[in-house]
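K.L.:
Could you have a look at this structure, given as structure tokens, before my questions?
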Amino acid sequence: MSDYQPPEMYRPYPTRSHPLADAAGRHAKDWARRMGMLGTFWEERDIDELGAATFAARTHPDASESALHLLSEWHIWGFHLVAHIGDEYRRTRDIAGAKHFARRLPTFMPLDSAVVASPVNAAERGLADLWVRTAPSMPGALREQLRRNVKSYGDSHVEELSNLCQDRVPDPSGYLATRTQTFGVAWAHDLIRHTIDDRVPQEVFDTWPMRALLAAFFEATGPQSDARTYREDVRGDTKVNNGVHVYTRFLGCPPQRAGEVLNSLGTERLRRFENLAITEVPALAVELGMGLADGERLLRHIDHLRQFTAGTHDWLCRERTPPARRPSATKRLPGPPAAPTALLNLL
């Protein structure tokens, strides 16, 4: 492992940051403090080292101020959920407790005006607060999709915890399916649609070209992240969920070769995304009879996905302080916004 060198990451898009990044970061940390996320296993310096508070500013540089604040809170919640699972359940290898925690998450995301359960921890309190300020103004289908994707985010982190506790290495197909969820890009996309691109017609997202494009978008950055963070995951004893370890076992090759294969997988997904965006999306707009305004909105939405990818790359390549402070911490998603495994350095 000492000889492993992260392969060069394919980064086709320029990075921009929101001009209100610092203010949004302060806002997100204040919100996290109000939700009770600070003072136990999470401190303000942990948020700063993770870049959690400014992740939204990297990935949503064109959002309005109000949207940026809401997105910043959602992303910091995504980081916190990973930290909560690691601190609360990994040390004690309490898989049953983690599953119970994940099963409770949907109760804080009602699809109607049903009474929400009482939160018993900061992760639940944060989700309940975010949901009542996000979901009511969402179209019903998108609200259901966000709920489903947030649930999958929690479930996938429990799956990774189970792998860790049982020293179980997933097969490549299972790895990619789980990593796609732990990175949190699916629910981040739901929020992009709602807060930034709310006027793109739903029928667009039901077509094959957009489903294929989004599948490539969801799957690209997780493998790239694992190829970059393999050494950290080995030091943090979380390598069973890292794709480099998965492919080393599956292919019977050295980690360096497995990292190159994994990195190439992420590169292929990004190139597929771009090919679909250039060749299929304009034709789709014509096929659906979209007017000029709707066509421009669709192209802007594609650009916002590129910006999210660029911001995630920027976050992955940031200079990080080696995590060695708390023995209870799990060094991994998300997210994105992910994790990554989900949003990266915690689980």
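K.L.:
Got a sec? Which of Glu73, Glu8 is of a type in the set (D, E, K, R), farther than 27 Å from Ser162 by Cα and part of a helix (DSSP H, G or I)?
P.N.:
After applying the criteria, what remains is Glu73.
K.L.:
I would also like to ask the following. Here is a list of conditions, (1) surrounded by fewer than 22 Cβ atoms within 10 Å (Cβ to Cβ); (2) in contact with a Pro (Cβ under 9 Å, 6 or more places away or on another chain); (3) of a type outside the set (D, E, K, R), and Ser173 meets all of them except one; can you say which number that is?
P.N.:
(2) is the only condition that Ser173 fails.
K.L.:
Can you name the residue in the stretch 250-268 that is within 17 Å of Arg179 (Cβ to Cβ) and touching a Pro at 6+ places or on another chain (Cβ under 6 Å) and, of all such residues, is surrounded by the most Cβ atoms within 10 Å (Cβ to Cβ)?
P.N.:
Checking each candidate, the answer is Leu262.
K.L.:
Could you grab the pairs with beta carbons closer than 9 Å, sequence gap of 6+ or different chains, first residue in the stretch 54-67 and closer than 16 Å to Ile302 by Cα, second one among the aromatic types (Phe, Trp, Tyr) and not in a loop (DSSP other than H, G, I, E, B)?
P.N.:
Sorted first by the residue in the stretch 54-67, then by its partner, the pairs are Thr59/Phe308; Thr59/Trp315; His60/Phe308.
K.L.:
Hey, Tyr89 hits all of (1) under 30 Å from Thr267 (Cα atoms); (2) of a type in the set (Ser, Thr, Tyr); (3) surrounded by 18 or more Cβ atoms within 10 Å (Cβ to Cβ) but one; which does it fall short on?
P.N.:
(1)
K.L.:
Next question. Residues of the stretch 239-261 being outside any helix (DSSP H, G or I) and within 15 Å of Tyr4 (Cβ to Cβ), which ones?
P.N.:
The first filter runs over the stretch 239-261 and keeps only residues outside any helix (DSSP H, G or I), leaving 242, 252-254.
If the condition is that a residue be outside any helix (DSSP H, G or I) and within 15 Å of Tyr4 (Cβ to Cβ), then Asn242, Cys253, Pro254 are the ones that fit.
K.L.:
Okay, moving on. Quick check on the stretch 213-234. Is at least one of its residues surrounded by fewer than 22 Cβ atoms within 10 Å (Cβ to Cβ), at pLDDT below 95, among the acidic types (Asp, Glu) and outside any helix (DSSP H, G or I)?
P.N.:
no
The values are calculated or read from the model by the stated rules, or taken from the named source; none is laboratory data. What you see is a predicted model, and the numbers here were worked out from it, not measured in a lab. Heads up, the Cβs are rebuilt from the backbone with ideal geometry, glycines too, and the neighbour counts pull from every protein chain shown.
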